[in-house]
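A.B. asks: This is the structure I have questions about; it appears just below.
The values are calculated or read from the model by the stated rules, or taken from the named source; none is laboratory data. Just so it is clear, the model here is predicted, and its values are computed rather than measured. Positions of Cβ are backbone-derived with ideal geometry, glycine not excepted, and every protein chain shown enters the neighbour counts.
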Amino acid sequence: MKDYIRKMMFESATLSLEEIALNILVSAVFGFVVYASYWYTHAGTAYSKKFNVSLVTLAILTGMVMTVIGNNIALSLGMVGALSIVRFRTAVKDSRDTTYIFWAIIIGICCGVGDYYVAAVGSVVVFVVLLLLGRVRNENRILLIIRGAKDKGMDMERLVFAFFDQKPLLKVKNTTSEHVELIYEMTRSVYQKAYTREVDIIDQLYALGGVEYVNFVTQSDEITG
């Protein structure tokens, strides 16, 4: 029994050069499948080429690690201990990107142990699911911030709702004894459609009198660091 445990702990199957090359090359091939999927399902500023390239290299590196580990338990435990000291501080800007990270890692694991069919079938299913769910776009929102005299508050609200066809959402209304600050949220499509008109909302707001400033701010859910 001790000999069997020692064998499982310290011995591993020896792969030929062809098998090692095949594992790594297949990892690269499936990594490019992930690359193509991410490129197609992300549009505009939601697409990050650096992140996409990292997915390909992640699949290859994971395949290399799994090829080295094989069925050697001792080596796998040592590898886990070595990798656990690494601290990744780059925030993922979109929670959906974690799907692609796990996809690349799992591809590398499957190819590293020679389970190419699992990697192929799983990749086809994930690719089709992501394709059916549609493309990911960077849905930036527009914030309209207005500050003016308190007695002009109702006039400003009526003007904003009329100009943008009652689509803006009033998120914040700050008031003091003399001033009022209004913060509206709207989609970019509403913002762009309104600016096809001849009259500018900013000019109309200042024409009311008592308005100190009018600001448009783009708000994004992306995390930068």
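A.B. asks: Only one of Thr196, Thr175, Thr218 is touching a strand residue (DSSP E or B) at 6+ places or on another chain (Cβ under 8 Å) and modelled with pLDDT under 85. Can you tell me which?
C.D. replies: Details: Thr196 fails: touching a strand residue (DSSP E or B) at 6+ places or on another chain (Cβ under 8 Å); Thr175 fails: modelled with pLDDT under 85.
So the residue among Thr196, Thr175, Thr218 that is touching a strand residue (DSSP E or B) at 6+ places or on another chain (Cβ under 8 Å) and modelled with pLDDT under 85 is Thr218.
A.B. asks: Among the residues of the stretch 62-84, is there at least one that is at pLDDT 65 or above, within 18 Å of Leu131 (Cβ to Cβ) and under 22 Å from the mean Cα position of the chain (by Cα)? Talk me through it step by step, then tell me what you get.
C.D. replies: Step one: list which residues in the stretch 62-84 are at pLDDT 65 or above, which gives 62-70.
Add one more test, that the residue is within 18 Å of Leu131 (Cβ to Cβ), and what stays is none.
No, that holds for no residue.
A.B. asks: What residue, of Ile101, Ile145, is out of contact with any helix residue (DSSP H, G or I) (no Cβ under 6 Å at 6 or more places or on another chain), assigned by TED's automatic domain parsing to the domain that holds Met186 and at pLDDT 85 or above?
C.D. replies: Ile145
A.B. asks: A further question on this structure: Taking Met154 as meeting all but one of (1) at pLDDT 90 or above; (2) loosely packed, with under 15 Cβ neighbours inside 10 Å; (3) assigned by TED's automatic domain parsing to the domain that holds Gly31, write down the number of the exception.
C.D. replies: (3)
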